[in-house]
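First up is the structure itself, then whatever we jot down about it.
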Amino acid sequence: MVFDLVIKNAQLRSKKGLVDIGIEKGVIKKIGKIPGKGKANINADGNLVTESFVNTHLHLCKVYTLTMMDSKALSAYHGESMGAAMTAIELAARIKERYNEKWIIPNVRKALKKAALNGNTHIRAFADVDSKAKLIGLKALLKCRDEFKGIVDVQVVAFPQDGVVREPGTVDLIKEAMDLGADVVGGIPWLEYTEKDEQTHIDEMMKIAEEYGKDISMLVDDAGDPTLKTLEMLAVKTIETGRIGRSLAHHARAMSQYPEPYFRKVSALLRRAGMGVVSDPHTGPLHARVKELLEQKNLVCLGQDDICDAYYPFGQNSMLEVGFLNVHLLWMTTFPEMETIYDMITVNPAKCININNFGLKIGGAAHLVVLDAKSVYEALWYHKAPLHVISHGAVIDKKQMEEE
């Protein structure tokens, strides 16, 4: 067989010694010794080849907006106890008064090009849908999703950032967003004023997800308040509706303050619901109990969360950078723990957002990176951009992605 693409002399995480990888019609067909050449060829030269990176959490409609406003929201969100998280969201909402595709689309393109260069081939991207943003950001993300299809696959989340009960009319806006082609139903139930309203928020968004046959992504318990219970509510609702594996929890920062018995109960509910947790420790002073969740056999991954916006001033859309930061923040500094960190930016997030057939295996979809490193340790240490990025079996044109 003459393969469409052959990667020669690849070092894999799973075995010692170099192998070749043969790719045909976007699928990995052979891992081993391949005589001769393919129609296209890459010499990995002993460098590490792995699955590409997956970012399950990015507020893509807001990238590069920090310089358009002051830093009051940053100060509120990053306060030590995160008690002012709701205030931060209210302050950050000011940018939506200026929403316009004329500047949102160029910002999104810039972020997606950086994703491609950094080997980040799949993104779950949030677009605010509310009385201020209306559908402006969502429409911009849908256009960019279609533009980058096959290079960076974007799942667009219709996200009611300012609440559902608090923002009358938002339910209808979310339905309109789904009619326009949004991929995922979002939510942020902890933002509502009462537990009854939090439950209504979850119930209404779950109804829409069921109606349209879509997954759920919700920001839950994202403040320094151990009494928050929206993570539990979402898990219970997922179990009750039988939508196992169709819900994803983001942040859950209050988990760091949960009493131990309650944490263990929620951990068990998450496993029953088949529900992963996305943590972004680098964007806030509190974070989910990642190591303990892993010990309890829960599915956990890392996300970028924000790029230069009202909640976080940095970000390269590089999951290797995210991994490097969280090696330190989570104190996962042993070699086995670094391998786990790497799982949390590749295979774990792929499971969290239900990417079909993801993995460096025979029959797996060919979403791969050829790293400028010989090991996971070295990859995280230097967090350099990959030498080559393969999406859907094709090598991404780096020059095209570097163009302004």
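The values are calculated or read from the model by the stated rules, or taken from the named source; none is laboratory data. Here the structure is a predicted model, which is why all the values come from computation and not from measurement. Here Cβ is always computed from backbone atoms with ideal geometry, including for glycine, and neighbour counts include all displayed protein chains.
Scan the stretch 1-11 for residues that are of a type in the set (Asp, Glu) and surrounded by 19 or more Cβ atoms within 10 Å (Cβ to Cβ) and jot them down.
Result: no residue meets the conditions.
Residues checked against (1) assigned to a loop (DSSP other than H, G, I, E, B); (2) polar (S, T, N, Q); (3) at positive phi; (4) touching a residue at least 12 places away in the same chain (Cβ under 8 Å):
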| position | (1), (2), (3), (4) |
| --- | --- |
| Asp222 | yes, no, no, yes |
| Asp225 | yes, no, no, yes |
| Leu228 | yes, no, no, yes |
| Met233 | no, no, no, yes |
| Thr238 | no, yes, no, yes |
| Arg243 | yes, no, no, yes |
| Ala249 | no, no, no, yes |
| Ala254 | no, no, no, yes |
| Lys265 | no, no, no, yes |
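Which one of these is closer than 26 Å to Ile202 by Cα and touching a helix residue (DSSP H, G or I) at 6+ places or on another chain (Cβ under 8 Å): Lys132, Lys113, Lys143? Give the steps one after another, and end with the answer.
On the way: Lys113 fails: closer than 26 Å to Ile202 by Cα; Lys143 fails: closer than 26 Å to Ile202 by Cα.
Among Lys132, Lys113, Lys143, only Lys132 is closer than 26 Å to Ile202 by Cα and touching a helix residue (DSSP H, G or I) at 6+ places or on another chain (Cβ under 8 Å).
Taking the criterion of being touching a helix residue (DSSP H, G or I) at 6+ places or on another chain (Cβ under 8 Å), closer than 15 Å to Asp309 by Cα and assigned to a helix (DSSP H, G or I), would at least one residue in the stretch 99-110 satisfy it? Let's see the steps before the verdict.
Of all residues in the stretch 99-110, those touching a helix residue (DSSP H, G or I) at 6+ places or on another chain (Cβ under 8 Å) come to 99-101, 104-105, 108-109.
With closer than 15 Å to Asp309 by Cα added as a condition, the list becomes 99, 104, 108.
In the following step, the residues that additionally are assigned to a helix (DSSP H, G or I) were identified as 104, 108.
Yes, the stretch 99-110 has at least one match.
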Worksheet item: Considering only residues of the stretch 12-60 that are in a strand (DSSP E or B) and without any contact (Cβ under 8 Å) to a residue 24 or more places away in the chain, which is surrounded by the fewest Cβ atoms within 10 Å (Cβ to Cβ)?
Response: Gly32
Worksheet item: Hey, any hits in the stretch 175-194 for a residue that's surrounded by 15 or more Cβ atoms within 10 Å (Cβ to Cβ), assigned by TED's automatic domain parsing to the domain that holds Asp130 and of a type in the set (S, T, N, Q)?
Response: no
Fill in: Yes/no for Gly137 being surrounded by 20 or more Cβ atoms within 10 Å (Cβ to Cβ), in contact (Cβ under 8 Å) with a residue 60 or more places away in the chain and touching a strand residue (DSSP E or B) at 6+ places or on another chain (Cβ under 6 Å)
yes
Worksheet item: Given (1) part of a strand (DSSP E or B); (2) among the aliphatic types (A, V, I, L, M); (3) out of contact with any Lys or Arg (no Cβ under 6 Å at 6 or more places or on another chain), where does Ile151 come up short, assuming only one miss?
Response: (1)
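Can Asp203 be described as modelled with pLDDT of 95 or more, in contact with a helix residue (DSSP H, G or I) (Cβ under 6 Å, 6 or more places away or on another chain) and either under 28 Å from Thr346 (Cα atoms) or assigned by TED's automatic domain parsing to the domain that holds Ser81 (or both)? Quick ask: steps written out before the conclusion?
Working: modelled with pLDDT of 95 or more: yes; in contact with a helix residue (DSSP H, G or I) (Cβ under 6 Å, 6 or more places away or on another chain): no; either under 28 Å from Thr346 (Cα atoms) or assigned by TED's automatic domain parsing to the domain that holds Ser81 (or both): yes.
No.
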